[in-house]
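Take a look at the structure set out below.
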Amino acid sequence: MKIGKQANLYIFYNIQLMKRNLTYLLASVMTILSCSKNSGPKPGQANAATPQAIVAPVSSLGSFSGIISPAKAVKTVTFVLSATGKSYSCIPDTATGSFKMDNLPEGLYRVTFVNDARYGPLAYLNAPIFAGKNNDLGSYSTTIKAYYLSYEINGVFEGWPFQAYYPSSSFYIGPLAIGGIPEDTRTAYYLSISVDGLVHPGTYTCKGTSKSKINYSGYRLGSGVRISYQSTEYIGGEGTIIITSIDANKRIVQGTFTATLTSASGNAADTKVVRNGVINAPY
């Protein structure tokens, strides 16, 4: 029976492989026997096992860490691996501002910060990750923007220039306007605050027939031109205004406020909850 050329090559390859394996096996046996001879106990000595050092494997992944100040200034920290474009992100702790992103492949990253709208932005940076290491980026600080009036309404931040009036003991702050028509075009709704009998810093309550009020009013748009009458108004309810400072020399009134406002339409379910209000109002 004839055996083809391919079959001959296959048999030859397997014979060579067997020879190599036998050679390796014999070498291993000789090494083990040699080690057994040399490691045996010497006369008069106990046969004690020699402890071997355990080397922990080095992780191929690394991490970033850092601190944001103030703690709530940044919503998300994003890390983009330059080599692949893959993105990773984490949320800083709202109490301490600390953040850490684990299990990142080794390489160079572009680090960016998504800041809360009321704070100034933080610049991006490029930073490396090394296998098994943490790269501490340190502390990053920003400051709140100098809005004259800012607040959260139903959880959404709003803040832009307003105009304040403080001719005597009555304080009013509302949208910056010319001829009674607000100039700001980013929204059709504006918040205004009136504080009656403001002479010294203190707490003022807005409730019922109180002359101190917090209103949230909407303005319609017609043919691209803002019309000055109100479309919807949120008034009443309850509110608290805390005036912390009145600087007569610099002509600035500062304070905080909160409120729960109801719709003038009479719909009890339609409310506006105002939180984290800040007044920084030159007059």
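Remarks
- Estimated FRET transfer efficiency (residue 145, residue 192; beta-carbon r; R0 22 Å; 0.05): 0.65
- Residue-span extension gain [residue 90 to residue 61] - 0.36 nm each, minus C-alpha spacing: 8.8 nm
- Cα→Cβ-extended label distance, 7 Å offset, between residue 244 and residue 210, nm: 1.9
- Straight-line cross-link partners of residue 100 among the aspartates and glutamates, defined as a Cα under 16 Å from its Cα and at least 8 positions apart when in the same chain: 136.
- Distance between the pseudo-spin-label points of residue 269 and residue 98 (7 Å out from Cα toward the beta carbon): 4.5 nm.
- Efficiency of FRET between residue 137 and residue 256 - r from beta-carbon atoms, R0 30 angstrom, step 0.05: 0.40
- Of 75/145; 211/250; 207/272; 213/250, those spanning more than 22 Å from alpha-carbon to alpha-carbon: 211/250; 213/250
- Label point distance in nm, residue 156-residue 106, each placed 7 Å from Cα along Cα→Cβ: 4.8
Readers should treat all values here as calculations from the given coordinates under stated rules, not as data from a laboratory. The structure presented is a predicted model; accordingly, all values stated were derived computationally and were not measured. Neighbour counts run over all protein chains shown; Cβ positions are idealised from the backbone, glycine included.
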